[in-house]
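Have a look at the structure below, then the notes.
The values are calculated or read from the model by the stated rules, or taken from the named source; none is laboratory data. Please read these numbers as outputs of a predicted model, since none were measured by experiment. Here the Cβ is made from the backbone with ideal geometry for all residues, glycine too, and neighbour counts use every protein chain on show.
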């Protein structure tokens with residue numbers, strides 16, 4: 001089966017750094033994705049890790065450890081507009097490659 | 001950038017009626033499209049994978065006779081919620097994979113359709 005865990009909610013202060021963790025247990029693992037989703041909108045792609053290590057993209061970085069089934073999304077210099085849900089998703093290979101999403105972490109950024 | 005549209009953006013219908021939602025890739029061809037459902041404060045749940053010219057592949061627990069999927073062309077997939085009930089009220093999101101790219105990043109999400117069944 002597939003199991004993806006991430007914290008339900010987090011709060012942080014504007015300008016600070018926050019790390020959102022995700023652990024997973026899946027078969028047919030084919031990469032780890034992070035998406036941002038504002039309320040009532042579709043998810044937007046943030047990052048994709050298929051190899052171990054850190055991928056940096058501006059204020060956002062994502063880390064993957066395949067042996068530990070663990071990833072995190074690091075957000076630096078937080079802005080109010082970063083208040084959103086952050087979805088961890090695992091790419092699963094098979095007949096049709098597909099994404100399995102975690103429940104999401106709602107991040108609230110305060111002044 | 002690649003754009004995926006959904007129509008309608010929101011729909012209200014009476015219990016027992018059927019509702020069709022369209023998902024279109026506007027500037028690329030998509031051999032594969034995915035349909036998700038999202039309840040309030042929950043994550044996206046994959047319902048089915050839609051492939052052009054073949055039957056959709058449904059996830060476990062999703063009734064294929066209730067959620068009819070038709071991938072009629074390389075740019076259009078439709079989801080029909082048949083005999084809708086209030087518990088079907090949800091946010092339905094599609095995504096499309098660009099046939100030219102093998103990368104996961106070439107999967108693009110539509111803006112979603114909010115369905116309310118009275």
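Structure summary
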{"item": "Residues that are touching a strand residue (DSSP E or B) at 6+ places or on another chain (Cβ under 8 Å), within 11 Å of another protein chain (Cβ to nearest Cβ) and over 13 Å from residue A:20 (Cβ atoms), drawn from segment A:90-111", "result": "A:90, A:91, A:92, A:93, A:95, A:96, A:97, A:98, A:99, A:100, A:101"}
{"item": "Residues satisfying the stated conditions in segment B:25-37, i.e. over 24 Å from residue B:63 (Cβ atoms) and touching a residue at least 60 places away in the same chain (Cβ under 8 Å)", "result": "B:25, B:28, B:29, B:30, B:31"}
{"item": "Residues (away from chain A (no Cβ under 13 Å), in contact (Cβ under 8 Å) with a residue 40 or more places away in the chain and under 13 Å from the mean Cα position of the chain (by Cα)) located in segment B:38-74", "result": "none"}
{"item": "Number of the exception - residue A:56 against (1) in contact with a strand residue (DSSP E or B) (Cβ under 7 Å, 6 or more places away or on another chain); (2) assigned to a strand (DSSP E or B)", "result": "(1)"}
{"item": "Qualifying positions in segment A:29-54 - surrounded by 16 or more Cβ atoms within 10 Å (Cβ to Cβ) and farther than 12 Å from residue A:87 by Cβ", "result": "A:29, A:31, A:48, A:49"}
{"item": "Given (1) assigned to a strand (DSSP E or B); (2) modelled with pLDDT under 95; (3) farther than 30 Å from residue A:9 by Cβ, number of the condition residue B:1 does not satisfy", "result": "(1)"}
{"item": "Leading residue by the ranking (surrounded by the most Cβ atoms within 10 Å (Cβ to Cβ)) among those in segment B:23-61 that are on the phi > 0 side of the Ramachandran plot and touching a strand residue (DSSP E or B) at 6+ places or on another chain (Cβ under 8 Å)", "result": "B:41"}
{"item": "3 or more residues at pLDDT 85 or above and more than 8 Å from chain A (Cβ to nearest Cβ): qualifying strands (runs of 3 or more DSSP E) within segment B:76-118", "result": "B:76-81, B:90-98, B:113-117"}
{"item": "Hits in segment A:9-28 (condition: under 12 Å from the mean Cα position of the chain (by Cα) and more than 17 Å from residue A:81 (Cβ to Cβ))", "result": "A:19, A:21, A:22, A:23, A:24"}
{"item": "Matching residues, segment B:66-75, being part of a loop (DSSP other than H, G, I, E, B), modelled with pLDDT under 95 and surrounded by fewer than 18 Cβ atoms within 10 Å (Cβ to Cβ)", "result": "B:74"}
{"item": "Residues located in segment A:1-28, provided they are part of a strand (DSSP E or B), surrounded by fewer than 18 Cβ atoms within 10 Å (Cβ to Cβ) and either without any contact (Cβ under 8 Å) to a residue 60 or more places away in the chain or within 13 Å of chain B (Cβ to nearest Cβ) (or both)", "result": "A:3, A:5, A:9, A:19, A:21, A:23, A:25"}
{"item": "Qualifying residue in segment A:61-76 (condition: closer than 30 Å to residue B:55 by Cβ and surrounded by fewer than 15 Cβ atoms within 10 Å (Cβ to Cβ))", "result": "no"}
{"item": "In segment B:26-37, the residues that are in a strand (DSSP E or B) and more than 7 Å from chain A (Cβ to nearest Cβ)", "result": "B:30, B:31, B:33, B:35, B:36, B:37"}
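Listed here are the residues, each with its yes/no results for (1) touching a helix residue (DSSP H, G or I) at 6+ places or on another chain (Cβ under 9 Å); (2) free of Cβ contacts under 8 Å to residues at least 40 places away in the same chain; (3) more than 26 Å from residue B:113 (Cβ to Cβ).
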position	(1), (2), (3)
A:41	no, yes, no
A:51	no, yes, yes
A:59	yes, yes, yes
A:67	no, yes, yes
A:70	no, no, yes
A:74	no, no, yes
A:99	yes, no, no
A:103	no, no, no
